[in-house]
Structure formats: C-alpha cells, structure tokens
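The structure appears below as structure tokens.
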Amino acid sequence: MGGFFFLYICLMASVNLVYKTLKDMVNKDQQGFITPDTFNNFASIAQLKIYNRLFDNLKNAQRNIKAGFDRGRDKGLTKRIQEDLSVFSKTSSTITRSSDGTFSKPSDLSRIISIYSSGDIIMSSSSRKPMEVCYDEEKIERILISNISAPTEQFPVALVSNVVEVFPESIMNIKMRYYKTPSLPEFAYTVSSGNEVYSSANSNDFDLPDHYEDQLVIEIAEMIGVSLREQYLNQIASGEQAQKQREESF
C-alpha cells in the first residue's frame, strides 16, 4: 500500500494586498496619499528589514533552546523561523576557479550556508566534500602553515572575503548553499478612467511568506508616516508594532 505524503505550498506576501491595505490607511479621512512609486521604494526597504530581522530572531530562538524555553518540534520558534528563511535558500550552479585562483560569489548572495567541492554521486557514494568556511585572515594563515590541520582534498577550507579562496588549490570547482538577497517587490498598474488598475502580469510579489503581510504594512506605514509627517499614521503603526512584540514574547 502506498504511503501518504503532504505537499507544503508557501504563498508569498501579495504586493497588491499590502499596497491596498496601506493605501486605505494613509487615505483614511482624506489625510495624505501614497503613490505606487513611493510604495515600491519603501516596500523593498521594508522587506529587507524584516528579512534581516529573521536572522536576529533565529539567534534569539536558538538561545532559548539552550535555556530550555523553546517548545521544540512543530511549535518551536526556531523551526518556524527556519521555515520562513527556507524560501530564500538556494544552491549555486558549479563555480569554477578563475584565472586569478579565486571563486566568484553568486550575484544574489546574501549569507553563506555552506560550501563544498563539486563532485558526483555514484553508487550512493559522493565525491563532494564539505568545507570549513573561514572569514578570518589570521586563522586561515595558521591553518595553512599547520602540519596537523593543513587543508587537503578530503578536508578543504574556504576563505570568504569579497571573493572565495579555496585550499588546497587542486580543487577547481565548488558549489555553494546560501540565502539569496530578496528580490525587489513591485506594484505595477495601468490607468483606466483616472484610476489605478493592478497589473498582476507585471508586478512582483514579496519574497516573504504571506503571514508577513501585516508586518510589511506596519513597516511601510512607519516610513511613510515619517516622510509625510502624518502623526496619526505613526500612532497606528507604533501601536501595531507594540502589539506584535507582545504576541511574539509569548
């Protein structure tokens, strides 16, 4: 008898819904307005702020695990954050050592997860070797001159700066697992009878899962509130942020 499996589909935050919600907030009582161009400028910043905050929240959640405060399993905060970050995770194509002996980073790289030598999997045996990833110039020098920990093809080391250096130099191809930089959201539209008409074909939704739509509205509202000097908008956004922080503290 065949087994059961579940397909998890992650829906992305709708740029149309966030824009409409924000527009309703800003236009409340006919105070202020927001254009699509203004929204698009702030939307990318808001998404990046939430994206970076996820890594800070992950560190805090991992501290809670060590302290015994995380509930673990499917209810654990760590697991939920890792699931949200997984939409940004990707594997590079094979990267070949360049003429100057270094490896280029992927153009959309944000944070490295792991680096390994490129290889084949034959009869359940892989020639790929994971690398120790190093960001410290002094540490890599100590590793290279050590008689005990000097890099080998079985135990390679990668030094990451503006490029990637891999030791030993006999390794010619690598692959990288990493978190990509969020793509730019965009609310695109046409004009009909003087009104904006959302164009789904030309728009880009946020890269964040759809349960971040409320946070995106709050973040953009705060920025627009500062820009337009709308006191009531700042109050709404601040109240929403405080409520969100209270909920996440439990």
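Residue-wise test of (1) under 18 Å from S161 (Cα atoms); (2) modelled with pLDDT of 95 or more; (3) not assigned by TED's automatic domain parsing to the domain that holds L54.
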{"site": "R97", "(1), (2), (3)": "yes, yes, yes"}
{"site": "P106", "(1), (2), (3)": "yes, yes, yes"}
{"site": "L109", "(1), (2), (3)": "yes, yes, yes"}
{"site": "I115", "(1), (2), (3)": "yes, yes, yes"}
{"site": "S124", "(1), (2), (3)": "no, no, yes"}
{"site": "K129", "(1), (2), (3)": "no, no, yes"}
{"site": "K139", "(1), (2), (3)": "yes, no, yes"}
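Looking at the range 164-213, what strands (runs of 3 or more DSSP E) fall wholly within it and have at least 2 residues that are over 30 Å from D136 (Cα atoms)? Walk me through it before giving the result.
On the way: elements: 164-167, 173-180, 189-192, 195-198.
Qualifying strands (runs of 3 or more DSSP E): 189-192, 195-198.
Residues to consider are D84, D56; find the one that is part of a helix (DSSP H, G or I), touching a strand residue (DSSP E or B) at 6+ places or on another chain (Cβ under 6 Å), of a type outside the set (G, A, S) and modelled with pLDDT of 90 or more.
Numbers: D56 fails: touching a strand residue (DSSP E or B) at 6+ places or on another chain (Cβ under 6 Å).
After applying the criteria, what remains is D84.
Looking at this structure, is F39 over 21 Å from the mean Cα position of the chain (by Cα) and modelled with pLDDT of 90 or more?
Working: over 21 Å from the mean Cα position of the chain (by Cα): no; modelled with pLDDT of 90 or more: yes.
Considered against the rule, which asks whether it is over 21 Å from the mean Cα position of the chain (by Cα) and modelled with pLDDT of 90 or more, F39 comes out as no.
Tally the residues that are hydrophobic (A, V, I, L, M, F, W, C), surrounded by fewer than 20 Cβ atoms within 10 Å (Cβ to Cβ) and touching a helix residue (DSSP H, G or I) at 6+ places or on another chain (Cβ under 7 Å), restricting the search to the range 190-225. Steps first, please.
Taking the range 190-225 as the starting set, the residues that turn out to be hydrophobic (A, V, I, L, M, F, W, C) are 191, 197, 201, 206, 208, 216-218, 220-221, 223-224.
The next check asks that each one be surrounded by fewer than 20 Cβ atoms within 10 Å (Cβ to Cβ); those that pass are 191, 197, 201, 223.
Now restrict to residues that are touching a helix residue (DSSP H, G or I) at 6+ places or on another chain (Cβ under 7 Å): 223.
Adding up the residues that qualify gives 1.
Looking only at the range 202-210, decide whether some residue is out of contact with any Leu (no Cβ under 9 Å at 6 or more places or on another chain), in the same structural domain as Y19 (by TED's automatic domain parsing) and farther than 21 Å from K23 by Cβ.
Yes; the residues of the range 202-210 include at least one that is out of contact with any Leu (no Cβ under 9 Å at 6 or more places or on another chain), in the same structural domain as Y19 (by TED's automatic domain parsing) and farther than 21 Å from K23 by Cβ.
Give the range 129-149 a look and list any residue that's hydrophobic (A, V, I, L, M, F, W, C) and over 16 Å from S114 (Cα atoms), or say none.
Pass one, the range 129-149, residues hydrophobic (A, V, I, L, M, F, W, C): 131, 133-134, 140, 143-145, 148.
Hits for the range 129-149 are I140, I143, L144, I145, I148.
Would the range 148-155 turn up any residue that is of a type in the set (D, E), at pLDDT below 95 and over 24 Å from L58 (Cα atoms)? Before the answer, list the steps.
Taking the range 148-155 and keeping what is of a type in the set (D, E), we get 153.
Now narrow it down to the ones that are at pLDDT below 95: 153.
Remaining after also requiring over 24 Å from L58 (Cα atoms): 153.
Yes: the range 148-155 contains one or more residues that are of a type in the set (D, E), at pLDDT below 95 and over 24 Å from L58 (Cα atoms).
For R177, indicate whether it is surrounded by fewer than 18 Cβ atoms within 10 Å (Cβ to Cβ), at pLDDT 95 or above, of a type outside the set (G, A, S) and out of contact with any helix residue (DSSP H, G or I) (no Cβ under 9 Å at 6 or more places or on another chain). Steps first, answer last, please.
Working: surrounded by fewer than 18 Cβ atoms within 10 Å (Cβ to Cβ): yes; at pLDDT 95 or above: yes; of a type outside the set (G, A, S): yes; out of contact with any helix residue (DSSP H, G or I) (no Cβ under 9 Å at 6 or more places or on another chain): yes.
Judged against the criteria, R177 is a match.
For (1) hydrophobic (A, V, I, L, M, F, W, C); (2) closer than 22 Å to S92 by Cβ; (3) touching a residue at least 24 places away in the same chain (Cβ under 8 Å), each residue gets a yes or a no:
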residue: E132; (1), (2), (3): no, yes, yes
residue: D136; (1), (2), (3): no, no, no
residue: P156; (1), (2), (3): no, yes, yes
residue: V166; (1), (2), (3): yes, yes, yes
residue: E169; (1), (2), (3): no, yes, yes
residue: T190; (1), (2), (3): no, no, no
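From the list F187, F167, which residue is more than 21 Å from A43 (Cα to Cα), surrounded by 14 or more Cβ atoms within 10 Å (Cβ to Cβ) and either at pLDDT below 95 or hydrophobic (A, V, I, L, M, F, W, C) (or both)? Explain how you work it out, then say what you get.
Working: F187 fails: more than 21 Å from A43 (Cα to Cα).
Just a single option satisfies the conditions, and that option is F167.
The values are calculated or read from the model by the stated rules, or taken from the named source; none is laboratory data. Predicted model only: the values in this text are computed from it and were never measured. Cβ sites come from the backbone with ideal geometry, for glycine too, and all protein chains shown count toward neighbours.
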